1. So the label point goes 7 Å from the Cα of B:ALA309 along Cα→C-beta, right? Which residues of segment B:324-340 then have their backbone N under 19 Å from it?
2. Select from B:ALA518, B:VAL478, B:THR505 the residue farthest towards the positive end of the dipole of segment B:466-525; place +1 on Cβ of Lys and Arg, -1 on Cβ of Asp and Glu, and compute about the Cα centre.
3. How about B:LYS326: which lysines have a C-alpha closer than 25 Å to its C-alpha, ignoring those fewer than 8 places off in the same chain?
4. With a Förster radius of 45 Å, plug the Cβ-Cβ distance of B:ARG191 and B:GLU22 into 1/(1 + (r/R0)^6) and report the FRET value to the nearest 0.05.
5. How much length would be gained if the chain were fully extended between B:GLU557 and B:GLU790, taking 0.36 nm per residue of separation minus their Cα-Cα distance, in nm to one decimal?
6. Setting aside same-chain residues fewer than 8 positions from B:LYS492, which lysines have a Cα under 24 Å from its Cα?
7. What list of ³J(HN,Hα) couplings, whole Hz, do you get for segment B:103-111 from phi and the Karplus terms 6.51, -1.76, 1.60, once you set θ to phi - 60° and write x for glycine and proline?
8. Between B:GLU330 and B:GLN417, what is the label-to-label distance in nm when each label sits 7 Å out along the Cα-to-Cβ direction?
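The values are calculated or read from the model by the stated rules, or taken from the named source; none is laboratory data. Bear in mind that the values here come from a model prediction, so they are computed numbers and not experimental data. Cβ coordinates were reconstructed from backbone atoms using ideal geometry, including for glycine residues, and neighbour counts include every protein chain displayed. The area values use the complete protein model at the heavy-atom level, side chains included, leaving out ligands, DNA and RNA. Shrake-Rupley method; radii C 1.70, N 1.55, O 1.52, S 1.80 Å.
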Amino acid sequence: MKRPVDVLVLDDESVVCDRLKDHLDNKGYHTEIFEESQRAIDRLADKWFDVVITDLRMEGPTGLDVLHFVRRHCNSTQVIIITGYAEMDSAREAEYSGVFDFVTKPFSLKTLEAKVKKAARKARRLKDKETP
Amino acid sequence: MILGKLGFLSRRKAQTVARLQERLGSFRDLVEKNDRVLELIAEASEKLGGEYIFDSHYLQTLADDLREAVHAVVHDLTVVTGEPYPELLKALAAADARIRAALDSRIIVPEAEYVIPLDQVGTASTDVVGEKMARLGAIRARLGCRVPAGFVVTTHACRHLLDEIGATESAEELDRLGEDDGDQLAQCAKRLQQRVRRATLPRGLSRAIRRGVTRLEREHRCSRFAVRSSAVGEDGESSFAGQYKTVLGVEPENVCSAFQEVVASLYDPHVVRYRLSRGLPPGRGVMAVGCLCLVPAEVSGVVYTLNPASVEDEDLLVVAARGLGKVVVEGDGAVDRFTVARQPPHQVVDSTIANKETMLVASSGSGLAEDPVDEKLREEPAVRGPRLRELAEMALRIERYMRCAQDIEWTVDRDGQLFMLQTRPLKLPLPEPGLRDDLSEIVKQYPVLLNNRGEVSCRGIAHGTVHVVEDVEAAEKVSPDTVLVARTATPKLAGGLSAASAVITDHGSSTGHLSAVAREFRVPMIVNTQIATEVLEDGVDVTVDAEENVVYRGRVEELLRYELRRQSLFQDKPEFRMLRSMLHAIAPLSLRDPQAPEFTAASCSTYHDVIRFAHETAITALTEGELVSRSSDALGVRRLALPIPLDLTVLDLGGGLTADAKDRVVGIDDVTSRPLRPLLEELTADGVWDTSPAAMDLNGFMSSATRSTPLTGPAAARPEPNLAIVSDRYLHLSLRLGYHFNIVDTYLTETRNDNYVHFRFAGGVTELARRSRRAALLKAILERYDFAVEGTGDLVIGRIKGVSATTMVARLRMLGRLIGFTRQLDIFLRDDTLVERYLEDFLTALPHASRAESFKGDG
């Protein structure tokens with residue numbers, strides 16, 4: 001049987017974490033949720049995730065910092081950034097640093113799930129190339 | 001005319017025109033902001049359905065955007081009319097405050113009686129009676145559960161007490177303290193508790209409580225009371241369970257002090273610390289208090305509708321003790337445990353019988369006492385098969401009604417009658433990750449009746465028997481296991497919806513009124529499926545999965561159990577509660593009829609009311625004031641030359657007429673307003689204006705009468721100026737045709753959620769019977785075309801919204817024809833049988849194709 005897709009969700013609002021975990025777990029993903037970005041980064045240092053979904057603006061390391069960490073240390077992991085709608089400028093900056101996609105709050109579960117699915121496929125493809 | 005005279009005084013004329021232009025500019029802005037507010041309300045309401053992820057920032061932004069737009073509307077109104085609206089500003093400030101309170105998770109306590117009898121609690125808001133008592137009232141009213149007699153001391157009474165003794169101010173001091181101020185916090189909280197306990201109750205309040213007690217003593221021979229907290233908001237009962245005080249065995253003369261004791265538990269240091277740990281202001285909080293007859297209990301206990309220790313099993317768990325149930329709830333006594341099958345006939349799967357040496361009873365004085373259990377009964381089961389079956393049936397009914405697994409307290413009195421004391425959501429371990437995915441394999445074995453048709457407007461999973469709604473009025477009374485299936489999402493279904501297990505419609509949108517009601521009552525709902533009424537037959541057993549948008553034939557047990565087991569329904573998240581509570585101050589519309597005496601600034605209680613009032617008042621100022629009745633090139637006012645004898649003035653706000661329409665008189669071809677064009681085309685089509693009922697192929701019926709009657713009725717009135725205020729997508733049309741007054745207010749774009757038509761018909765010169773026949777006919781026609789219709793006597797108001805542009809065009813054409821049709825209808829409606837005939841004639845005359853086509857456009 002295929003290994004389930006591992007997803008890390010980071011958002012300082014528990015409602016976002018809880019609802020995404022509820023939805024993604026029920027769709028067969030393995031989801032870990034974090035409300036503090038440093039803890040998420042520590043976890044990313046320990047474990048490889050297919051997809052990281054992160055909020056942009058948080059206390060401590062921001063979503064951009066998380067993205068940079070992933071790009072340096074977790075090659076094939078794909079990052080989806082959640083932005084509030086007034087934050088698109090910094091979001092564009094992120095675009096250049098290899099983010100997979102953006103999603104603007106509020107967003108529908110369907111939209112997000114479609115993005116996660118695509119991101120996971122890309123992550124697996126890259127991962128397979130890395131490990132012949 | 002006035003402008004003409006002013007022509008001699010060119011400076012003053014220029015000033016007047018400038019002033020008029022300013023007012024018109026403000027009106028344009030008002031219309032735009034009005035639409036923006038409606039759009040935001042629709043979007044926000046949709047967010048409650050569960051499909052969207054949003055956070056508190058969204059709520060803040062939403063509140064800011066709405067506030068800005070609504071205040072702009074009110075400002076524009078003052079410019080358009082040149083009047084101040086102090087009452088409107090007051091209403092607006094009150095709505096602002098309620099929204100701010102919702103955002104701060106503060107509870108705004110509604111005005112209410114001090115005391116409400118439990119048998120009248122059924123429809124009371126949880127903000128008034130608290131969650132515990134609201135649920136108890138609901139299962140009594142909705143499910144016919146037997147509950148103890150009693151009354152609720154409302155949140156209003158509690159707040160009044162706290163305000164009177166200055167506790168509210170002192171609680172603010174508590175709010176300023178943090179977790180580091182441990183000792184100070186505890187001391188401050190204790191002082192507040194003392195103050196509440198020692199307070200002299202406001203006289204009106206103590207009198208109301210005593211009256212309630214006396215009534216229970218007299219009517220129910222009640223001698224001891226249970227005084228229970230009933231918390232409000234802040235995650236309510238689920239997270240504050242057990243933190244607030246309950247006093248049992250209270251003597252009548254001590255009920256007031258027990259009430260104070262329970263209210264004082266708002267400031268119990270544990271509660272205060274708990275609030276703080278959850279990020280809530282520690283000093284805030286308000287509760288209602290239930291005062292119930294203490295049932296002289298033979299046996300009491302708890303039933304869980306799923307066994308938390310083995311949720312995979314299809315069992316209920318029943319725990320029972322002799323006497324009062326305190327030992328069961330607090331878990332500190334010898335109790336019997338029964339595992340009972342959820343499936344009928346609810347067999348006992350397993351049981352453990354304890355040696356119950358003592359039991360709790362109401363003592364002869366105040367409070368409780370421990371009595372020895374009769375030796376013969378000590379090792380006997382406290383309840384047996386038939387009672388367990390009764391409990392299981394009742395518990396599962398409550399579970400179905402509440403839509404999630406329940407934790408229910410019950411008791412049996414000395415006469416063997418079963419009472420429900422309390423019900424609340426049961427906390428369960430989280431479902432395994434991937435459970436839903438596994439389910440997708442399992443559900444493949446069930447026949448699918450509808451798959452991904454239309455849109456989900458409230459997520460959830462439910463089971464029931466299909467009831468295809470033929471008669472909307474009859475849908476008021478539905479049983480809890482009914483899946484309502486209807487052609488349209490008409491607001492008239494709202495009455496039956498709260499009791500239904502799910503709702504599916506052929507047409508309608510997730511931003512419609514009925515969808516909002518479904519979200520309010522958490523009823524899973526799928527709209528706009530196009531084919532539900534064809535595919536789902538009356539009486540068929542179905543499972544509605546409004547998570548994945550699938551309807552299965554039969555009972556899909558796995559899905560239903562998955563739904564019951566979800567740890568916390570999304571609706572219980574604080575952000576959902578906040579949004580729900582914000583929307584209460586934003587969305588409901590109580591000002592429906594502009595001609596009604598209650599259509600006043602002071603009656604506005606929500607943002608929706610405020611913009612409705614402002615829009616209507618501005619329109620009236622424009623149509624009845626001097627602004628438009630005098631044509632002025634500078635304002636872009638034109639006269640429309642029509643092939644029918646109708647004098648129509650058009651005021652273009654932008655894009656409603658072609659740029660070439662420079663002349664003061666323009667033709668239909670110059671009309672570019674999307675809503676006005678089709679309506680006029682139909683109104684001026686061959687035979688429509690002339691189409692008096694007699695000419696509609698009624699086999700010559702009444703034809704002579706038609707010819708001999710002037711078009712405007714027996715006593716033709718002076719022609720009134722008719723006005724269309726238009727933009728490329730907006731139309732406000734006021735038509736005074738003879739003695740009838742029609743208003744069409746509509747917005748038409750490609751975004752279906754923004755589209756609406758509001759049609760109003762009033763007036764008429766004939767006697768009352770004919771007028772009401774005409775109203776009945778209009779109502780029937782509008783309902784055939786999916787309008788939500790209301791009105792009394794001679795007045796008919798029809799509304800439709802959230803439909804596609806194609807449907808909108810078809811509806812506006814229909815209204816064009818209807819306006820022509822009804823010009824003088826009342827004159828002919830001599831008896832009731834003619835109503836049905838004219839209805840058929842109207843439907844036949846309007847090509848059926850236009851209706852069918854329009855529905856395709858909704859897909």
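1. It comes to B:327-340, nothing else.
2. B:ALA518
3. Leaving aside lysines fewer than 8 places away in the same chain, those within reach of B:LYS326 are B:LYS132, B:LYS245, B:LYS356, B:LYS376, B:LYS427.
4. Efficiency at R0 = 45 Å is approximately 0.15.
5. 79.8 nm
6. B:LYS47, B:LYS477, B:LYS779, B:LYS801, B:LYS856
7. 5, 8, 6, 8, 9, 8, 7, x, 4
8. 2.8 nm
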